[in-house]
Amino acid sequence: RAKEDGRGAYRFFEAGIGAELRERQVLEFDLRHAISRGELSVVYQPQTTIPSGEVFGFEALLRWNHSARGLVSPGVFIPIAEESGLILTIGEWVLRQACREAATWEKPLQVAVNLSGVQLHSASLASLVHEVLLETGLAPHRLELEITETALIQDFGHALHALRQIKALGVKIAMDDFGTGYSSLSNLRAFPFDKIKIDQSFVRNVHCNDQAAAIVRAIVGLARGLNLTVIAEGVESQAELEFLSNELCAEAQGFLFGKPGDISAFTTLEDEAEPARAAAG
Ligand code: C2E
Ligand code: MG
Ligand code: MG
Ligand code: MG
């Protein structure tokens, strides 16, 4: 009898897995056509200097507005894009789109683009970046590429080679989600990073959480010692910002300053004489 229950439970479990797999396959199928259907777009979130609050740049974040489902979270579709290899096409599209748009901004602010480990380990990343810079006319120093620690571990030798080539173009490199990945501190020295992005999980309520505070302090000190810039991600409150300011964290990004997409609020950008632009997609 116990055995029967076990089998029943197993079948139920199996059916659940099947549904999840099918859901994934459907999303992957739809994602294949998302670019040509104009369902992908890039939104921008401001990055600011502490304590002045001056906006020095924006992070480009990908959005998928699915025709039937509406917005699908990057947390859902990026892993599907990575596992299917679609991230190579999609990532190239994001890079081109972000550089093209940034080149039209009124002020020469920085644009930060996320790179997947799959892109980093593809053969031709540096030549793609070079090509996109030439094509869009964006000055290399205005582009920053964000890479997570986890993206480095697959093949250190290749990652190092690719990042050095990209640095040689004059493009900046940031380590994203610092503190949450699998790599060791020695990577900060081995790889040509310009900036550390403190993961938002450490920033959340940092002013009233002793452990988070200790971690943020340590990362800021580490960055200073290694001569890297440091930015705190996910800053939502004035209290968090005050803590960061007291600890001499250089930069901040988060809902306190603007959600992704709030770009026109910064008056720096886009031609206001073109109100119909959004409709052209
Ligand atoms: P990320 O690169 O660490 O981006 C920051 C994420 O935190 C964004 O989520 C942003 O909307 C969110 N965020 C920013 N400030 C706050 C805040 O104050 N509070 C909270 N709760 N959240 C905040 P999003 O846009 O959903 O993106 C999630 C992740 O998806 C990104 O994390 C990045 O890893 C990935 N992603 C997004 N766009 C791309 C892309 O074009 N290429 C690649 N490879 N990955 C991307
Ligand atoms: Mg990022
Ligand atoms: Mg991050
Ligand atoms: Mg993240």
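Quick notes on this one:
- Test result for Glu106, farther than 19 Å from Ala162 by Cα, out of contact with any helix residue (DSSP H, G or I) (no Cβ under 8 Å at 6 or more places or on another chain), in contact (Cβ under 8 Å) with a residue 40 or more places away in the chain and more than 11 Å from ligand 1 (Cβ to nearest atom): yes
- Pro51 vs. criteria within 16 Å of ligand 2 (Cβ to nearest atom) and either at positive phi or surrounded by fewer than 18 Cβ atoms within 10 Å (Cβ to Cβ) (or both): no
- Scanning the stretch 173-193 for residues that are among the charged types (D, E, K, R) and in a helix (DSSP H, G or I) gives a single hit, Arg189.
- Of all the residues in the stretch 48-71, those that are part of a loop (DSSP other than H, G, I, E, B), closer than 20 Å to Thr229 by Cβ and of a type in the set (Gly, Ala, Ser) number 2.
- When the stretch 219-239 is limited to residues that are in a loop (DSSP other than H, G, I, E, B) and within 16 Å of ligand 3 (Cβ to nearest atom), the one that is farthest from Cys249 (Cα to Cα) turns out to be Glu236.
- The selection criterion, being in contact (Cβ under 8 Å) with a residue 12 or more places away in the chain, surrounded by fewer than 20 Cβ atoms within 10 Å (Cβ to Cβ) and hydroxyl-bearing (Ser, Thr, Tyr), holds for Ser122.
- Count of residues meeting criterion [surrounded by fewer than 16 Cβ atoms within 10 Å (Cβ to Cβ) and either away from ligand 4 (no atom under 12 Å from the Cβ) or under 13 Å from Gly234 (Cα atoms) (or both)] in the stretch 175-201: 9
- Residue match in the stretch 179-199 (condition: of a type outside the set (Phe, Trp, Tyr), within 12 Å of ligand 1 (Cβ to nearest atom), more than 27 Å from Leu133 (Cα to Cα) and at pLDDT 95 or above): yes
- A residue that is surrounded by 14 or more Cβ atoms within 10 Å (Cβ to Cβ), within 15 Å of the chain's Cα centre (by Cα) and either within 16 Å of ligand 2 (Cβ to nearest atom) or over 21 Å from Ala126 (Cβ atoms) (or both) cannot be found anywhere in the stretch 218-226.
- Residues satisfying the criterion are present in the stretch 154-172 (criterion: more than 17 Å from Glu59 (Cβ to Cβ), more than 18 Å from the chain's Cα centre (by Cα), of a type in the set (Phe, Trp, Tyr) and assigned to a helix (DSSP H, G or I)).
- Within the set Thr150, Thr136, the sole residue that is touching a helix residue (DSSP H, G or I) at 6+ places or on another chain (Cβ under 7 Å) and modelled with pLDDT of 95 or more turns out to be Thr136.
- Residues satisfying the stated conditions in the stretch 250-269, i.e. over 20 Å from the mean Cα position of the chain (by Cα) and either at pLDDT 95 or above or not in a helix (DSSP H, G or I) (or both): Thr267, Thr268, Leu269
The values are calculated or read from the model by the stated rules, or taken from the named source; none is laboratory data. Keep in mind that this is a model prediction, so the values were computed, not measured. Cβ sites come from the backbone with ideal geometry, for glycine too, and all protein chains shown count toward neighbours.
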